[in-house]
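Working notes for the structure below.
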Amino acid sequence: MKIAYSPVYTYNKLPEGHRFPMDKYDLLPAQLLHNGIVTEDDFFHPIALTETQIIRTHTPEYWNKLKNGTLSRHEIRALGFPFHESLVERGRHIASGTLACAKFALNEGVSLNIAGGTHHAFAERGEGFCMFNDFAITANELLFEKLVNQVMIIDLDVHQGNGTANIFANNNAVFTFSMHGEHNYPLKKEKSDYDLPVEDGIEDDAYLHAMEIIPTLIDNIRPDIVLYLSGVDILATDKLGRLGLTKNGSKRRDEKIFNWCKSKNIPVAVSMGGGYSTNIKDIIDAHANTFEVAKDIFY
Ligand SMILES: [Zn+2]
């Protein structure tokens, strides 16, 4: 199983004052190895996206601001973290990892990124901790290289994939599906091709039941690849999520997605997305389940 991992750009390697508020990207690979779900050979280190790949999705104006460090204070505040050039490099590697995973998935059925799922980035700006939109970049690149004709994005992070929805609003080759907390960030939702808002506090069974629309959508759209955003901020323990799922519910969610894709012969590439439970063990366990379930179902 191929897993994208950019250890140079995880928590401990970033300059002081520019570190992300959690170290799940360091802890998850260690737990996957410790639990015997993967071996060192499963990991690969993605190279950075090229500028051409970036501006196939993002505007040259936005890219130039990132490259030259000339974002306005307002733009940096919207991004949600203090700007540093190493974070641009980090973003280029992580989004490239998602693209590489998608290409591996086309051959092997599944591939996952330790990071990614930066669905709040728009073409012309960043937002909500998202600088580059990895799924949008990946979809555009796969289409440009004519590796696929139809992409389906299944975004089950608790927050709406607003940047992704906006970027592909007028693009029939990319179908955007977002299931998210109706009352959660972003307050102003964009229009995905299919939005499935859920109420605060929704529990396992009701959530898993609501998901059952997805196989019908897959059958209608007949994508050549699914890009799956497996955020674990759907957990009841999440500080931002407001939903009521258990870790087992989150695992059953992942099983459904992978089983549907596998049974329909559709490759699936995964980005991790959010996860903000108070106890970091809950975050790591839930993300690790995604990787374990993928391995069990595809290998
Ligand atoms: Zn989220």
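The values are calculated or read from the model by the stated rules, or taken from the named source; none is laboratory data. Since the model is a prediction, treat every value here as computed from it, not as a measurement. Using ideal geometry, Cβ is built from the backbone for each residue, glycine included, and neighbour counts are taken over all protein chains shown. Note: accessible area is taken over every heavy atom of the protein model, side chains too, but ligands, DNA and RNA are not part of it. Shrake-Rupley method; radii C 1.70, N 1.55, O 1.52, S 1.80 Å.
So which residues in the stretch 166-189 are within 15 Å of the ligand (Cβ to nearest atom) and more than 17 Å from residue 217 (Cβ to Cβ)?
181, 182, 183, 184, 185, 186, 187, 189
The stretch 156-244 holds strands (runs of 3 or more DSSP E) entirely within its bounds, and those carrying 3 or more residues that are under 22 Å from residue 98 (Cα atoms) and open to solvent by less than 40 Å² (accessible area, probe 1.4 Å) map to 174-181, 225-229. A Cβ distance below 6 Å, combined with a sequence gap of six or more or placement on separate chains, defines the contacts here; from the stretch 168-183, residues that are on the phi > 0 side of the Ramachandran plot reach no residue that is surrounded by fewer than 15 Cβ atoms within 10 Å (Cβ to Cβ). The residue that is farthest from the ligand (Cβ to nearest atom), among those in the stretch 116-155 that are over 20 Å from residue 80 (Cα atoms) and in a loop (DSSP other than H, G, I, E, B), is 146.
Among the residues making up the stretch 285-299, those that are open to solvent by 10 Å² or more (accessible area, probe 1.4 Å) and among the hydrophobic types (A, V, I, L, M, F, W, C) are 297, 298. Restricting attention to the stretch 27-75, the residues that are surrounded by fewer than 15 Cβ atoms within 10 Å (Cβ to Cβ) and assigned to a helix (DSSP H, G or I) add up to 14. Condition check for residue 22 on (1) under 23 Å from residue 228 (Cα atoms); (2) in a loop (DSSP other than H, G, I, E, B); (3) modelled with pLDDT of 95 or more: one failure, at (3). Cβ-Cβ distances below 6 Å connect the following pairs, each with a first residue in the stretch 280-293 that is at negative phi, a second residue that is among the polar types (S, T, N, Q), and a separation of six or more residues or different chains: 282/237; 283/277; 284/31; 286/250; 288/31; 290/230. Number of residues in the stretch 245-266 that are within 16 Å of the ligand (Cβ to nearest atom) and either over 18 Å from the mean Cα position of the chain (by Cα) or within 12 Å of residue 294 (Cβ to Cβ) (or both) equals 2.
For residues in the stretch 254-280 being part of a helix (DSSP H, G or I), at pLDDT 95 or above and open to solvent by 10 Å² or more (accessible area, probe 1.4 Å), which is farthest from residue 155 (Cα to Cα)?
First pass over the stretch 254-280, keeping only residues part of a helix (DSSP H, G or I): 254-263, 280.
Of the ones still in play, those that are also at pLDDT 95 or above are 254-263.
Checking the rest, the ones that are also open to solvent by 10 Å² or more (accessible area, probe 1.4 Å) come to 255-256, 259-260, 262-263.
Working: 255: 15, 256: 14, 259: 16, 260: 15, 262: 18, 263: 20 Å.
Looking at the filtered set, the residue picked out is 263.
Residues of the stretch 85-113 that are modelled with pLDDT under 95 and outside any helix (DSSP H, G or I): none at all.
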